[in-house]
Amino acid sequence: MFACIYGSNISDGETLSAFAYDFSPLVEEIGRNTVVIDVSGCELLFGSAYQLANQITRQAKRLKSEGGLEVKINVALAENPDAAIHAARFLEGITFVAPAEELTCLGEFPLEALDCSLAGVEAKRAEEIFETLRVWGVRTFRDFAQLPLAGISQRLGPEGIRLQALAQGKTTRHLRLKQSSPDFTSSIELEHAIVELEPLSFILARLLNQICASLNSYALATNELLVKMQLEDRSLHERKLVLPYPMRDHKVFLKLLLLDIEMHPPQAAVTMVSIDCEPVKPRVLQNGLFIPLAPAPDKLELTLARLSKLVGEQNIGSPVLLDTHRPSAFSMKRFVVHSRETRKRGKRSSNHQSEIGNRQCFGFRMFRPPLRAIVEVNNGLPRQISAWGKQRSVYGKVINLAGPWRTSGDWWRHDCWARDEWDVAIAANKDQQAAYRIYRELNSGNWFIEGNYD
């Protein structure tokens with residue numbers, strides 16, 4: 001037994017399909033205002049088929065907040081879905097089409113009401129057949145159904161036979177089921193607020209198991225988890241976990257989330273937890289036979305998370321130079337392994353390196369940290385330099401110099417900078433000379449040796 005639900009004032013097919021799923025898991029979406037459901041076996045839940053139709057009609061009149069549609073709908077019950085569709089579209093209220101009595105209900109419908117798409121006939125070919133039938137004087141479903149089968153086959157072909165079976169209400173087919181959209185969100189409301197991390201870990205493990213099971217069923221993975229926690233003080237605590245590559249291991253997810261929550265704990269007890277993920281295609285990787293083994297990406301991610309907890313997130317990652325004139329300014333970004341460059345790009349970079357290699361240039365070795373120095377100045381020019389450190393010492397007379405170059409910036413910040421730079425040649429003795437870069441901080445007046453030239 002099949003039931004067709006038709007609503008002339010419904011413009012969103014997704015809403016109607018979601019409404020139909022409340023009564024049967026087998027749903028076929030015909031259009032934005034028509035769906036068909038298989039109600040076989042629903043007697044234990046809703047009683048007879050007629051009682052089910054009444055329940056569908058009453059539920060549709062309810063408010064949307066209560067699971068209804070707020071509209072009046074037509075419901076038709078029949079032994080095959082096509083007869084139920086035609087009955088629901090042209091008969092108001094609840095219609096029951098008894099088996100072998102389809103023409104009693106559908107016989108007076110005009111021939112133009114026949115939905116050719118249900119029989120798999122193209123609209124252009126169906127219009128040709130309808131034009132031929134009108135010439136013959138056929139106007140209704142009943143007229144078409146009573147024509148001899150042999151004559152229909154000879155004059156209208158297989159398409160005419162399928163359309164006649166549709167008019168008779170005797171088609172047999174399975175529902176073209178509408179697959180519900182996958183849901184990769186899991187949430188739970190707690191009866192009692194959670195204060196400690198250990199009981200919260202059990203809740204997170206349960207939700208992550210559900211999400212990973214959904215990902216496995218669709219052969220997908222995720223590289224982004226969004227955790228929302230409703231707190232006891234009505235505030236919302238959100239944490240986003242961004243992974244370097246797609247995965248679906250709930251154990252790894254749980255360890256990463258627990259480490260992140262330890263570093264960024266909520267400010268009140270937790271009353272609701274929701275986890276949402278962004279599904280992506282899983283990572284496919286095949287290593288060569290002669291490539292050395294690398295650490296597993298999930299273990300590497302856990303190691304980085306533990307290091308972030310120990311030394312801070314701002315101290316883990318790859319250094320990136322900032323777009324500023326501030327000397328040695330850099331920041332830390334998340335470490336990401338990039339794919340190997342193409343051969344063409346590698347060849348281009350090697351050519352560029354060869355061009356640089358052909359030039360004559362000085363190498364510069366930076367001192368980390370800069371070496372604190374004592375500088376004797378005469379008429380604003382450095383003349384004698386003395387500096388001692390744990391690993392190196394620099395002292396001698398300045399025999400040549402260039403500068404100064406005055407730079408400054410970030411005046412709007414509390415750590416603004418301004419300094420004078422010099423390139424100096426120092427002679428410790430007659431046989432030993434070296435070139436250094438020195439600078440003086442204008443804010444403090446201190447001198448430093450930044451590095452030396454090779």
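Miscellaneous remarks
- Among Arg334, Arg125, Arg437, the ranking by other beta carbons within 10 Å of each residue's beta carbon, starting with the fewest, stands as Arg334, Arg125, Arg437.
- Annotation: for a label point projected 7 angstrom from Cα along Cα→Cβ of Arg139, residues of region 88-117 with backbone N closer than 19 Å are 104-114.
- Peptides 33-41, 168-176, ordered by how many other C-beta atoms sit within 10 Å of their residues on average, highest first, read 33-41, 168-176.
- DSSP finds beta bridges in region 13-163, and of those with both partners inside it, around 60 percent are antiparallel.
- Region 2-168: relative contact order in percent, alpha carbon pairs under 8 Å with at least 6 residues between: 18 percent
- Here the 3J(HN,Hα) profile of region 90-105, calculated from phi with Karplus coefficients 6.51, -1.76 and 1.60 at θ = phi - 60°, is 10, 10, 7, x, 9, 10, 10, 9, 5, x, 6, 10, 5, 5, 4, 8 Hz, Gly and Pro shown as x.
- Sorting Cys42, Cys416 by the number of Cβ atoms found within 10 Å of their own Cβ, with the fewest placed first, yields Cys416, Cys42.
- Semi-axes of the equivalent ellipsoid for region 364-453, Cα gyration tensor, largest first, Å: 23, 15, 11
- Residue among Ser408, Pro382, Met366 farthest towards the positive dipole end of region 364-453, charges placed on Cβ: Met366
- Applying 0.36 nm per residue to the separation of Arg173 and Ala205 and subtracting their alpha-carbon distance, the gain on full extension is 7.2 nm.
- Over 27 Å (Cα to Cα) - which of Lys240/Lys281; Lys64/Lys251; Lys240/Lys309; Lys64/Lys170 fall in this group: Lys64/Lys251; Lys64/Lys170
- Tail weight of P(r) past 28 Å, computed on alpha-carbon pairs of region 2-168, percent: 27 percent
- Cα point-scatterer Debye curve for the chain, base-10 log of I(q)/I(0) at q = 0.09, 0.11, 0.14 Å⁻¹: -0.88, -1.04, -1.22
- For Lys397, a cut-off of 23 angstrom between C-alpha atoms picks up these lysines, skipping any fewer than 8 places away in its own chain: Lys430.
- Under 13 Å from the Cα of Lys255 - aspartates and glutamates, other chains or at least 8 residues apart: Glu198, Asp298, Glu301
- Folded to 0 to 90 degrees: helix 49-60 orientation relative to the chain principal axis, Cα: 50 degrees
- Helix-only arithmetic for the chain: the sum of -39500 (n - 2.57) across DSSP H runs with n ≥ 4, divided by the residue total, places the mean residue ellipticity at 222 nm at -10000 deg cm²/dmol.
Each value in this text was obtained by applying a stated rule to the coordinates, not by laboratory testing. Since the structure is predicted, the reported quantities are computational estimates derived from the model, not experimental observations. In this analysis, Cβ positions are derived from the backbone assuming ideal geometry, glycine residues included, and neighbour counts consider all displayed protein chains.
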